[in-house]
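Where a number appears in this text, it was derived from the coordinates with a stated rule and is not lab data. Everything quoted here is computed from the prediction, not taken from an experiment. Note that we place each Cβ from the backbone using ideal geometry, even for glycine, and neighbour counts take in every protein chain shown.
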Amino acid sequence: MPTRRDFLTLLAASAAVDPACIDTASADPPVTSGSDIGSLYPFIAAQSARCQRSGLPVQSCLQPAFSNFEAWRKLARSTVFESLHYAPPKCAIAPKLLSREERDGYTQENIEFSTTPDIRVPAAVLIPKGRTKPGPAVVALHDHGAFYFYGREKLLEDAGDNLSLTAFRKQYYGGHSIAVEMVKRGYVVIVIDMFYWGERRLLLDKDPDDWRTRPDGISPERITAFNRRSSELENLTGRTIYAAGFTWPGVMFWDDIRTVDYLCSRPDVDPKRIACVGLSVGGFRSCHLAALDPRIKASVVVGWMTSFPHQLKKNVYNTIGHSMLVPGLYNSLDYCDVACIAAPSAMLVINGSKDGLFDRDGVNAAFKRLHAGYKKAGHPDKVRTLLFDTPHEFNTEMQAEAWDWLKKWL
């Protein structure tokens, strides 16, 4: 039987290998990619590039093969829907009025309605005082913000607002309740709670009463603790959704489309004058709602426009979570290509040059391709892109541009 001495002798002999037989590639220093995913980035980026032709995704409307824009739009919209892996059975909206509140210049109706046979979505509808005939309406889409405790409340107003909500609006919305800003300009406005937010937030079996009931006097510290826990479990929730065979964006986009169904059922809404507005993931939703639902005549997309290949190196970590990921779609269409599906719906896109969530070159590339896409569609005047010298926000100056845009097209 070989002894330990024999083994060490054999090991030493095997180390004396002819240098010509050594794979020098394995001796190279590690690749320095400057990416959040280090040495794996070159391979991953190469797979993205492999799915493109002449620097464009294979189904981009700017590909020369797509000479008929209408035919392209039909194909591209179908591609997005198929990628969502979410097509629940049709059902009646069955709206239910829960309460009505008279406010300064408007009435707020708190309602719920069905988006699928097993989902009832809570919403607030703001109606201008004196509305006597069908008029324009807006779907207001709330953000992510790692703030899960509240959903639609971020865009509303209430005399008993929690300090956390007030601070949040000050940081991201210039201190304004944008749904109220819009209703005072004559729009019927609806805001729903997105899946995983507000009344649809994640609750565990042993959660304390204050997290379950959300009392008016709950402290900012308790809200922060809930938001932290929800952030920690967002990844697990997303993985569970994908393991179940559907996608998180599929749920979001379907709920938003069904929200338009609800608006069209109201006698005070003109179904030919409906718009959507959103910041951050609300902007992501606004872009997709305009692309997937031709009833949207104008949209405002704030803080969410880029070319996704530019995000891969260092801008995925805080940007493309499970709630913003449509697996495989970007083999065919970049995010800015999806936006072009909306044409001829009028689209205003606003980003901040100091927004660290997005690669600046990716934003510029997306803006350029948006204009090229709308030009190819024959509607170059119906897209506008603005870059403010700001961080990730929808401030007062941006809102002024948004309200002018809605007034122009609605």
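Assuming 0.36 nm per residue, please report the length gained on full extension of the stretch E102 to K368 beyond their Cα-Cα distance.
Additional length available on full extension: 91.3 nm.
In whole angstrom, note down how far apart the Cα centers of the range 66-132 and the range 169-200 are.
Here the answer is 15 Å between Cα centres.
What helices in the chain pass both tests, a Cα length along the helix axis of 18 Å or more and a mean Kyte hydropathy of -1.0 or higher, using whole DSSP H runs?
Both cut-offs are met by 69-84, 220-244, 248-264, 360-377.
Can you spot the aspartates and glutamates whose alpha carbon is less than 18 Å from K408's alpha carbon? Ignore those fewer than 8 places along the same chain.
Candidates past the 8-residue exclusion: E181, D270, D381, E397.
Would you kindly derive the ³J(HN,Hα) couplings of the range 114-131 from the backbone phi angles with the Karplus curve 6.51 cos²θ - 1.76 cosθ + 1.60 (θ = phi - 60°), listing them in order in whole Hz, with x for Gly and Pro?
8, 9, 9, x, 10, 10, 10, 9, x, 8, 10, 10, 9, 10, x, 4, x, 5
If the only charges are +1 at each Lys and Arg Cβ and -1 at each Asp and Glu Cβ, what is the size of the charge dipole of the range 96-409 around the Cα centre, to the nearest 20 debye? Kindly include the intermediate steps, with their values, before the conclusion.
Values: 41 positive and 39 negative charges, 184 e Å.
I would put it at about 880 debye.
Please return the longest range in the chain lying between exposed loop sites, taking trypsin sites (Lys or Arg not before Pro), DSSP loop only, at most 10 other beta-carbon atoms within 10 Å, and leaving the sites out.
Counting only loop sites that pass the neighbour cut-off, the longest clear stretch is 207-410.
Among rounded, prolate and oblate, which fits the range 330-400 when a ≥ b ≥ c are the square roots of the eigenvalues of its C-alpha gyration tensor, a/c under 1.5 means rounded, and a/b larger than b/c means prolate? Each step should come with its number before you reach the end.
Numbers: a/c = 2.37, a/b = 1.39, b/c = 1.71.
Oblate.
If each DSSP helix of 4+ residues adds -39,500 (n - 2.57) and the sum is divided by the residues in the chain, what number results at 222 nm, nearest 500 deg cm²/dmol? Walk me through the intermediate numbers first.
Working: 13 runs with 155 residues, N = 410.
Here the helix-only value at 222 nm equals -11500 deg cm²/dmol.
Can you sort Y86, Y242 from fewest to most other Cβ atoms within 10 Å of each residue's own Cβ?
Least to most surrounded, the residues fall as Y242, Y86.
What order do you get for T166, T79 when you list them from fewest to most C-beta neighbours inside 10 Å?
T166, T79
Collect residues whose amide H, placed 1.01 Å from N in the peptide plane, falls under 5 Å from the amide H of Y106; neighbours closer than 5 in sequence don't count.
Those qualifying (amide H under 5 Å, at least 5 residues apart or on another chain) are K129.
Students often get this wrong, so check it: of K368/K407; K154/K375; K133/K184; K74/K272; K74/K133; K313/K382, which have C-alpha atoms separated by over 27 Å?
Going by Cα-Cα distance, K154/K375; K74/K133; K313/K382 fall outside the 27 Å limit.
If Lys and Arg each add +1 and Asp and Glu each add -1, what is the summed charge of the other residues whose beta carbon sits under 15 Å from the beta carbon of F388?
Here the charged neighbours net out to -3.
Among I93, I320, I127, which comes first, then next, by fewest other beta-carbon atoms within 10 Å?
Going from sparsest to densest Cβ surroundings: I93, I320, I127.
Among the chymotrypsin sites (Phe, Trp or Tyr not before Pro) within the range 305-338, which fall in a DSSP loop and have no more than 13 other Cβ atoms within 10 Å of their own Cβ? Present the calculation step by step, with values, prior to reporting the outcome.
Working: sites: Y317, Y330, Y335; in loops: Y317.
When the chymotrypsin sites (Phe, Trp or Tyr not before Pro) of the range 305-338 are filtered for loop state and at most 13 Cβ neighbours within 10 Å, Y317 remain.
Scan around V301 for amide H atoms under 5 Å from its own, H built in the peptide plane at 1.01 Å from N, and keep only partners 5 or more places away or cross-chain.
HN-HN under 5 Å from V301: L348, V349, I350.
What does the net charge come to around F367 if you take all other residues with beta carbon closer than 12 Å to its beta carbon, with K and R at +1 and D and E at -1?
+3
Starting from 0.36 nm per residue, how many nanometres of slack lie between D158 and K375 once their C-alpha separation is accounted for?
Residue separation times 0.36 nm, minus the Cα-Cα distance, leaves 73.8 nm.
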